[in-house]
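The next block holds one structure in the form of structure tokens; read it before the comments.
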Amino acid sequence: MAVVAFVVFSLLYLTPGDPAAVIAGDIATDEDIRLIHARLGLDEPFLVQFGRWVWALLHGDLGTSIFTNLPVTRLIGQRIEPTVALTLCTLMVAILVAVPLGVVAAAKAGTWLDRAVMAFSVLGFSVPVFVFAYILILTFSVQLDWLPVQGYRSIPRRRVGMAASSDPAEHRARHGLRRPDRPHDARQHARRARAGLHPHGGGERASRRIRC
């Protein structure tokens with residue numbers, strides 16, 4: 001582990017580019033860059049920098065992000081819950097779907113059921129991840145309205161939101177959303193959007209007021 005840390009630190013040290021210049025920005029002067037070098041200890045020898053980094057690491061100090069200016073430990077803490085949630089969901093799918101299918105395929109080896117499971121597995125490996133993601137978004141977010149299209153909400157807030165509105169129609173009504181029920185409504189909404197009119201007729205009323 002120590003050898004890997006030394007090699008990675010060395011590669012980062014030898015990589016072309018100046019972190020101080022990135023932090024200072026495009027309009028920074030040489031004096032600004034020099035001050036950042038002194039503040040971050042980038043003007044010290046390589047072994048001194050590595051020793052300070054190891055010492056801080058042993059004390060739980062991972063430094064400060066140059067992009068957000070926040071402690072790295074805080075940024076990692078903010079992403080622990082989404083990471084754990086994704087990991088648990090993956091394990092649940094593997095246990096509830098993959099393991100039973102594998103057992104069935106092994107028990108029915110050589111039958112049509114075995115070939116169907118094999119075809120399903122090959123399809124899962126062959127379909128690109130982004131295509132499968134769009135299918136899931138279309139199914140569970142757009143059609144069923146069970147999950148948000150993007151972003152992440154913590155589990156307590158998600159429970160509160162689901163308890164407040166378990167009916168998709170009620171959820172859309174509360175947030176001012178409307179899903180067309182007929183193809184005619186969808187085409188009408190599309191024509192109004194292209195014409196720059198409000199879907200509920202507000203644009204038509206405004207245009208009449210302007211003509212008057």
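Cβ-Cβ distances below 8 Å connect the following pairs, each with a first residue in the range 72-91 that is touching a residue at least 12 places away in the same chain (Cβ under 8 Å), a second residue that is assigned to a helix (DSSP H, G or I) and aliphatic (A, V, I, L, M), and a separation of six or more residues or different chains: Glu81/Ile155; Ala85/Ile155. Going by what's in this entry, would Gly110 be described as at positive phi and free of Cβ contacts under 8 Å to residues at least 12 places away in the same chain? Judged against the criteria, Gly110 is a match. From the list Gly77, Gly110, the one residue that fits, being within 30 Å of Leu62 (Cα to Cα) and surrounded by fewer than 11 Cβ atoms within 10 Å (Cβ to Cβ), is Gly77. So, of the residues in the range 63-84 that are of a type in the set (A, V, I, L, M) and out of contact with any helix residue (DSSP H, G or I) (no Cβ under 7 Å at 6 or more places or on another chain), which turns out to be nearest to Asp114 (Cα to Cα)? If we take residues in the range 63-84 being of a type in the set (A, V, I, L, M) and out of contact with any helix residue (DSSP H, G or I) (no Cβ under 7 Å at 6 or more places or on another chain), then Val84 is nearest to Asp114 (Cα to Cα).
In this structure, does Val22 turn out to be modelled with pLDDT under 85, assigned by TED's automatic domain parsing to the domain that holds Thr68 and in a helix (DSSP H, G or I)? Yes.
Filter the range 113-144 down to the residues that are among the polar types (S, T, N, Q) and without any contact (Cβ under 8 Å) to a residue 12 or more places away in the chain and list them by number. Talk me through it step by step, then tell me what you get.
Narrowing the range 113-144 to residues among the polar types (S, T, N, Q): 121, 126, 139, 141, 143.
Within the range 113-144, Ser126, Thr139, Ser141, Gln143 qualify.
The values are calculated or read from the model by the stated rules, or taken from the named source; none is laboratory data. Being a predicted model, the structure only gives us computed values, none of them experimental. Every residue, glycine as well, gets a Cβ built from its backbone with ideal geometry; the counts of neighbours run over all protein chains shown.
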